[in-house]
Structure formats: structure tokens, C-alpha cells
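Undergrad: This is the structure I want to talk about, given as C-alpha cells.
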Amino acid sequence: AKRVKGKDKSLQCYAIVRLAGAKKGKFKVQTKTTEVIKNGNPKFKDHACLFDIRDMEKLVDMIYKNGDKSLICSVEIYDDNWMKDECIGKTSFDLKDILMRPSTPLKQDFPLDGLSEGGSVKLTVNFFACFNGICRVSLVEAR
């Protein structure tokens, strides 16, 4: 991540990646916490979030329950604090295009909402087609 700032002077971040707004279960993944940083650029060390999409019917049901018309992937960056963790930025994107072109990765900096200085997170998204599909989201770095 780039230009990510919390309320205190140092950051120790983790990310939560969700498919279709999942609150729990196999469509919600939390990364490991980064090392403490003071420059606002946490390194997630190529943490891979794997979503094994075998039950497509359950995923489609979740999409419609949330009122969406497409498969949205959201990433939330949190500052790991002793008393209460703070969401310091989030982004979301539609996986529709990546599902149409299996094995072609999408590498992009996504802007993080909620940051006054325009922070971003760099993601690589792959869809590996098999019988039902596995989607892999790699969280590279945040600035």
C-alpha cells in the first residue's frame, strides 16, 4: 500500500479481502499483519488470498442477497491497534472481466477510499479456470 496513514505514528496493517460482501466463511480472507512501519507504505510480502469457487450457486445467491448484479471483490486495510483496529482505507472492483479471461492476470494500483492523501493498494488478480474455478488475489503492497 502507498501513502497509508493511521491515527498514530506507526502502522501495523492487515487486509481483509471479501467476495460478494461475505461477512464470514470461505469468501472472506484476512492477511497476516505486516511489520511495524513509520513511512506509510506497508509491505504485504505478496500475500495470496485464494478463493476456491466450487459452489457457484452459493456465491451467486450471496451476490443477489447483497443487491449486487456482479461479483465484487473488496479489500479493506486495517491498522492493528491494541484497543481497537481501525479501517484506514478500502477499495473494491468487479471480477467480471477477469473471469472472462482465465490465466491473464490483472495488475493494477487501486485507490483506497477514506484516505485524505490518496493512498492506493497494488493488487494482482488471477482466475485459474478448472471445473468451477479458483480465484487468486495477491496483495503486493500498499502505498
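Undergrad: Return the pair list, or none, for Cβ contacts closer than 9 Å from residues in segment 30-42 that are within 24 Å of R18 (Cβ to Cβ) to residues that are surrounded by fewer than 19 Cβ atoms within 10 Å (Cβ to Cβ) and modelled with pLDDT of 90 or more, at least 6 apart or on different chains.
TA: Matching pairs, first to second residue: Q30/I16; T31/I16.
Undergrad: Those residues that are over 23 Å from P105 (Cβ atoms), in contact with a strand residue (DSSP E or B) (Cβ under 8 Å, 6 or more places away or on another chain) and open to solvent by 100 Å² or more (accessible area, probe 1.4 Å), I need them from segment 30-54; list them, please.
TA: Those that are over 23 Å from P105 (Cβ atoms), in contact with a strand residue (DSSP E or B) (Cβ under 8 Å, 6 or more places away or on another chain) and open to solvent by 100 Å² or more (accessible area, probe 1.4 Å): E35, K38.
Undergrad: Can you find a residue in segment 105-128 that is under 29 Å from E35 (Cα atoms), modelled with pLDDT under 75 and surrounded by 19 or more Cβ atoms within 10 Å (Cβ to Cβ)?
TA: Yes, segment 105-128 has at least one match.
Undergrad: Something else now. Tell me, which strands (runs of 3 or more DSSP E) lie completely within segment 67-132 with 3 or more residues that are closer than 16 Å to H47 by Cα? It would help to see each step written out before you state the result.
TA: Numbers: elements: 72-79, 86-94, 106-111, 120-128.
Passing ranges, in order: 72-79, 106-111, 120-128.
Undergrad: Further question: Looking at L59, is it under 16 Å from the mean Cα position of the chain (by Cα), hydrophobic (A, V, I, L, M, F, W, C) and farther than 14 Å from Q12 by Cα? Give the steps one after another, and end with the answer.
TA: Values: under 16 Å from the mean Cα position of the chain (by Cα): no; hydrophobic (A, V, I, L, M, F, W, C): yes; farther than 14 Å from Q12 by Cα: yes.
Taking the combined requirement at face value, the residue does not satisfy it.
Undergrad: Output the number of the condition that R18 fails; it satisfies all remaining conditions of (1) among the basic types (K, R); (2) surrounded by fewer than 13 Cβ atoms within 10 Å (Cβ to Cβ); (3) under 25 Å from F128 (Cα atoms).
TA: (2)
Undergrad: Tell me which residues, restricted to segment 80-96, are open to solvent by 100 Å² or more (accessible area, probe 1.4 Å) and within 18 Å of L50 (Cα to Cα). Reasoning before the result, please.
TA: Of all residues in segment 80-96, those open to solvent by 100 Å² or more (accessible area, probe 1.4 Å) come to 82-84, 90, 96.
Scanning segment 80-96 gives a single hit, K96.
The values are calculated or read from the model by the stated rules, or taken from the named source; none is laboratory data. Here the structure is a predicted model, which is why all the values come from computation and not from measurement. All Cβ positions, even for glycine, are placed from backbone atoms using ideal geometry, and neighbour counts span all protein chains on display. Protein only, heavy atoms only, side chains kept; ligands, DNA and RNA dropped before computing areas. Shrake-Rupley method; radii C 1.70, N 1.55, O 1.52, S 1.80 Å.
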